[in-house]
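The structure appears right after this line, and notes come after that.
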Amino acid sequence: MAATEPANVPERIIEQATRLFVARGYTAISMREIAEAVGISKAGLYHHFADKEALFVAILTANLDHIEKLIQSAQQEGATTRDQVSRMMRAIMEQAPTHRAIIRLASQEMAQLSQEARARFGQIYQDKFIRQVEGMLRAGVERGELKPVNVRVATWLLLGMAYPFLYPAHERDLDATDEAIELMVITFFDGLGRGA
């Protein structure tokens, strides 16, 4: 067996652990199974991550780092708030199903983590995801593109529409990604009513 580049091992651990956690859940996976999937010993796994909780939080944090970059890119490339939201949703939905599912996995498995880990992750989640979206919407309110609204509530409404598409079971529905994103944007910005 060829020697693995040391710098590559943590990436491979995160990749394989993500796949396993998404497929079977946090509690159903052991560190032994992760080590076997990566092709390293349990000791080698523990060399990189202190325990399963630390590995799980590292996966969630890496995903949030990526989402933060997607949101920032959408803000830089979009001319209006509507365009920025559309670009953000498209970027999130165009991720591989495993990566989309990490957002859902985080909310489903949070109760399994220690209070300290939940608090640490909660702060990162707020900073890298929720506050980023709030900032996008707040800027839209300030530019007069959106009505004066509670941007926190508006953020949760917007993300709530996208949440079902983060489930792997809805992967086949994402054949209509453009249609789903357009409908979310229309619903959020215009509503579905015929008007007066």
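I'd like the orientation of helix 52-77 relative to the chain: the angle between its Cα long axis and the longest Cα principal axis, in ° from 0 to 90, rounded to 10.
30
Between helix 151-162 and the chain, what is the angle of the helix's C-alpha long axis to the longest principal axis, kept within 0 to 90° and rounded to the nearest 10?
70
If the chain between E94 and Q76 were fully stretched, how many nm would it gain, using 0.36 nm times the residue separation less the Cα-Cα distance?
4.6 nm
Only Lys, Arg, Asp and Glu count, each charged at its Cβ (+1, +1, -1, -1), so figure out the dipole size of the chain about its Cα centre, rounded to 20 debye.
About 420 debye.
Of the candidates L70, L146, L137, which one comes out as most mobile in a Gaussian network treatment of the chain with C-alpha springs shorter than 10 Å?
L146
Could you list S73, S114 so that the one with the fewest beta carbons within 10 Å of its beta carbon is first and the one with the most is last?
S114, S73
Counting every Cα pair in region 1-49, what percent are over 14 Å apart?
Numbers: 531 of 1176 pairs.
In whole percent, the long-distance tail amounts to 45.
Using only Cα atoms and rounding to the nearest 10 degrees, what angle (0 to 90) does helix 131-142 make with the longest principal axis of the chain?
Between the helix axis and the principal axis of the chain, the angle is about 10 degrees.
What Kirkwood hydrodynamic radius, in Å, does the chain give when the mean of 1/r is taken over all pairs of distinct Cα atoms and then inverted?
So the Kirkwood estimate lands at 18.3 Å.
With the dipole of the chain worked out from charges on the C-beta (+1 for Lys and Arg, -1 for Asp and Glu) around the Cα centre, which of S114, Y46, I92 lies farthest toward the positive end?
Value computed over the given set: S114.
Taking the chain as a Gaussian network, where each spring joins two C-alpha atoms under 10 Å apart, which residue of I130, I13, I40 fluctuates the most?
Of the options given, I40 has the highest mean-square fluctuation.
In debye, nearest 20: dipole of region 1-49 around its Cα centre with unit charges on the Cβ of K, R (+) and D, E (-)? Write down the numbers at each step before the final one.
Values: 5 positive and 5 negative charges, 35 e Å.
The calculated dipole for region 1-49 is roughly 160 debye.
Since every read-out is calculated from the coordinates, none of them should be taken as a lab result. Given the structure is predicted, the values throughout are model-derived calculations rather than measurements. Please note: Cβ atoms are built from the backbone with ideal geometry, for glycine as well, and neighbour counts cover all protein chains shown.
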